[in-house]
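Below is one structure, written out as structure tokens; the observations come after it.
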Amino acid sequence: MNIRAIFNVVGVLLVLLSGLTLAPIGVSWYFGHAPMEGFMSETLAFSWTFGLSLVSGLILWKLFPSGLDKLRDREGFAIVTVSWLSISAFGALPLYLSGACPEFIDAFFESTSGFTTTGASILQDIDAVPHGILFWRNLMQWVGGMGIILLSLAIFPMLGIGSFHLFKAEIPGGSTVEQTQPRLVETAKILWKTYLALTLIEVFALRFAGLNWFDAVCHTFSTVATGGFSPHNGSIGVFNNVYIESIIILFMFLGGINFALHFQLVRRNFAVIFKNPEFKAYCGMLLTGILLVTWSLTRVSHGGDASQAFRSAAFTVVSINTTTGFVTDDFNLWPEYLKLFMVAIMMVGGCSGSTSGSFKVIRFIILLKIIMRELKKLVHPRAIFHVKVGDKTIDADDLSNVAALTFLFIGFSALGGVLLSAMGVDLTTALSATVASLFNIGPGLGSVGAMGNYAEIPALGKGLLIIFMLLGRLEIYGVILLFLPMAWRK
């Protein structure tokens, strides 16, 4: 294991993090909130974070040679895991130093939730939190949505040597993500330009719909990143505006699409988009879910008003399926079968190569096709059946990868539920909090309901969920690899 390469990249990313803190420094200075009693002002807290990140990053960057030209996959996974842990720890400093999160475990939880775009929060009165901290929460999600490593690849060209190992280890969907250009740095730049374009368009759309600039920017950051943090206690429901909800639905939908398809859209290759099996399944699942929930809500709530039921269903289904986690309606008050349906679609998630978390549609498709193949083999035991998605035959390694990852997701979900229950958390909350963290969703059932508030989880449980959020964001393999002795042997 090339330890020096790990420290080198962590140093580069801490320098990048220090630059990101300049924006919330400006926001906190502009709004000028008085410091909380016993704590420093948010402007000073961000200034300290800037200095500590910059100095620490420069020391690691200059002290350790990169060695990126000799990277192997194992170093790539190690670099990504350690980088995300380091960035989350340093990102927690403003929340802790300003008193927004008086306990560091709470600040670490909030920061990890932000960077992993989970959207789970321990803040109980979000409207009372200073604007700089609120802006930082949403900025963390925006950066984490496309990926910290990917941002560095676009900004720091020297990481382009041997850096596909980092790219593959970090991007949601892993090896299923295709490069749009032969050079990885060019791919990173194209993806970030697309991400920036979506961000700017949504900011102006929300501003035109009636939001102030602060709300428009913050909600855009969380929407395109499919993160779900809102600077208001009532999330999107506080606006009660169908135009704002429609804009956010559209951009949550776009955030759940493979960004390689966005690139095809810019190039007007519409045939490639509409023939993509994952995109078709994604659209079909959303449409089916919206119709089912609309029909159910018309029968049991909203006074039989189909239009209101459709409005609530469309927003909630798209938000949960893309793992964004914004809410306009408390689905904990819905019938039990609808709650289970919400859990099911949140575990599927959006497309590979998108900003959404969870299992991903393509893997769900492959899993169903594996099941169908096994059923066919029972009828024709001597026949040879290949698993195909579209025109592509899936090789045996990818099939075993999907099957193993399914087992890991289910196994870790069960383990987390048991451990949280042992800490005194009720079973419904324990299981849903574990699933919501591991699948990077945020809202769950029980006491971590529609608003996704985890303040009542014990400190040890928050530490466990921090690990689960990182496991989900890095799709498990990259994290557990670090605990295998063979990964550290030469």
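Overview of values
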{"read-out": "Whichever residue in segment 49-83 is of a type outside the set (Val, Ile, Thr), at pLDDT 80 or above and touching a helix residue (DSSP H, G or I) at 6+ places or on another chain (Cβ under 6 Å) and, among such residues, is nearest to Gly114 (Cα to Cα)", "value": "Ser83"}
{"read-out": "Options Gly350, Gly416, Gly357; residue that is in contact with a helix residue (DSSP H, G or I) (Cβ under 9 Å, 6 or more places away or on another chain) and outside any loop (DSSP other than H, G, I, E, B)", "value": "Gly416"}
{"read-out": "Sole residue being of a type in the set (Lys, Arg) and either within 12 Å of Gly256 (Cα to Cα) or buried (at least 21 other Cβ atoms within 10 Å of the Cβ) (or both), chosen from Lys280, Lys360", "value": "Lys360"}
{"read-out": "Condition check for Gly174: at pLDDT below 75, more than 23 Å from Leu22 (Cα to Cα), of a type in the set (Gly, Ala, Ser) and under 17 Å from the mean Cα position of the chain (by Cα)", "value": "yes"}
{"read-out": "Residue in segment 215-227 that is surrounded by 15 or more Cβ atoms within 10 Å (Cβ to Cβ) and over 25 Å from Gln124 (Cα atoms) present", "value": "no"}
{"read-out": "Which numbered condition Ile441 fails, given (1) surrounded by fewer than 20 Cβ atoms within 10 Å (Cβ to Cβ); (2) under 29 Å from Gly478 (Cβ atoms); (3) of a type outside the set (Lys, Arg)", "value": "(1)"}
{"read-out": "Any hit, segment 51-65, residues being closer than 24 Å to Gln141 by Cβ, hydrophobic (A, V, I, L, M, F, W, C) and crowded, with 23+ Cβ neighbours inside 10 Å", "value": "no"}
{"read-out": "Where a residue in segment 454-470 is farther than 15 Å from Phe409 by Cα and part of a loop (DSSP other than H, G, I, E, B) and its partner, wherever it lies, is at pLDDT 95 or above and of a type in the set (Phe, Trp, Tyr), with Cβ under 9 Å and at least six apart", "value": "Tyr454/Phe109; Ile457/Phe109"}
{"read-out": "Residue satisfying all of: in segment 475-484; modelled with pLDDT of 75 or more and in a helix (DSSP H, G or I); nearest to Ser83 (Cα to Cα) among these", "value": "Val479"}
{"read-out": "First in segment 330-354 and under 23 Å from Leu474 (Cβ atoms), second anywhere and among the polar types (S, T, N, Q) and part of a helix (DSSP H, G or I), Cβ under 8 Å, 6 or more apart", "value": "Val343/Ser432; Ile345/Asn321; Met346/Asn321; Val348/Asn321; Gly349/Asn321; Gly350/Asn321; Ser352/Thr176; Gly353/Thr176"}
{"read-out": "Some residue of segment 22-45 being part of a helix (DSSP H, G or I) and modelled with pLDDT under 90", "value": "no"}
{"read-out": "Subset tally (residues that are within 13 Å of Pro277 (Cα to Cα), without any contact (Cβ under 8 Å) to a residue 60 or more places away in the chain, surrounded by 10 or more Cβ atoms within 10 Å (Cβ to Cβ) and not basic (Lys, Arg)) for segment 363-392", "value": "1"}
{"read-out": "Failed item, numbered, when Gln308 is tested on (1) more than 30 Å from Ile244 (Cα to Cα); (2) free of Cβ contacts under 8 Å to residues at least 12 places away in the same chain", "value": "(1)"}
{"read-out": "Those residues of segment 127-140 which are of a type outside the set (Gly, Ala, Ser) and out of contact with any Leu (no Cβ under 7 Å at 6 or more places or on another chain), in sequence order", "value": "Asp127, Pro130, His131, Leu134, Phe135, Trp136, Arg137, Asn138, Met140"}
{"read-out": "From the options Ala455, Ala487, residue that is surrounded by fewer than 19 Cβ atoms within 10 Å (Cβ to Cβ), modelled with pLDDT of 85 or more and either under 22 Å from Ser88 (Cβ atoms) or more than 21 Å from the chain's Cα centre (by Cα) (or both)", "value": "Ala455"}
{"read-out": "Filter result for the condition that a residue is modelled with pLDDT of 85 or more, more than 26 Å from Asn440 (Cβ to Cβ), surrounded by fewer than 17 Cβ atoms within 10 Å (Cβ to Cβ) and β-branched (Val, Ile, Thr), over Val266, Val300, Val242", "value": "Val242"}
{"read-out": "Any chance Ala128 is among the small types (Gly, Ala, Ser) and surrounded by fewer than 24 Cβ atoms within 10 Å (Cβ to Cβ)", "value": "yes"}
{"read-out": "Residue in segment 318-326 that is farther than 24 Å from Gly145 by Cβ, among the aliphatic types (A, V, I, L, M) and crowded, with 24+ Cβ neighbours inside 10 Å present", "value": "no"}
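The values are calculated or read from the model by the stated rules, or taken from the named source; none is laboratory data. Keep in mind it's a predicted model, so treat the numbers as computed, not measured. For neighbour counting, all protein chains shown are included, and Cβ atoms are generated from backbone atoms with ideal geometry for every residue, glycine included.
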